[in-house]
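What follows draws every value from the coordinates through simple rules; no lab data is involved. Only a predicted model underlies this, so the values are computations on that prediction, with no experimental measurement involved. Reconstructed Cβ throughout: ideal geometry from the backbone, glycine too, with neighbour counts over all protein chains shown.
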Amino acid sequence: MRLKVIAHKGVPERPGRSEPRVRKRRPKIYPLMTKPRNELRKQLQTA
């Protein structure tokens, strides 16, 4: 019931405020994990 009330309320007008559309986190120097974690662990142990 409460969620319905919250969902119907709009966000009030906030003059003078604008948020930049940018990514918050910086790119990391590490590659993406493209294999399962167990496979990668095994590769590290054998390397």
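Applying a DSSP loop filter and a limit of 16 other Cβ atoms within 10 Å to the trypsin sites (Lys or Arg not before Pro) in the chain leaves 9, 17, 21, 23, 24, 25, 28. Extension gain, residue 28 to residue 4, is 4.6 nm, computed as 0.36 nm per intervening residue step minus the present C-alpha separation. For the chain, find the longest principal axis of its Cα atoms and tell me its angle to the long axis of helix 37-46, 0 to 90°, nearest 10. Roughly 30 degrees between the two axes. Calculated mean residue ellipticity at 222 nm for the chain: -10000 deg cm²/dmol, from DSSP H runs with n ≥ 4 weighted as -39500 (n - 2.57), summed, divided by the residue count and rounded to 500. Only one item in [x] 35, 17, 11; [y] 58, 34, 12; [z] 42, 15, 5 matches Cα extents along the principal axes in Å derived from the coordinates shown, and that item is [y].
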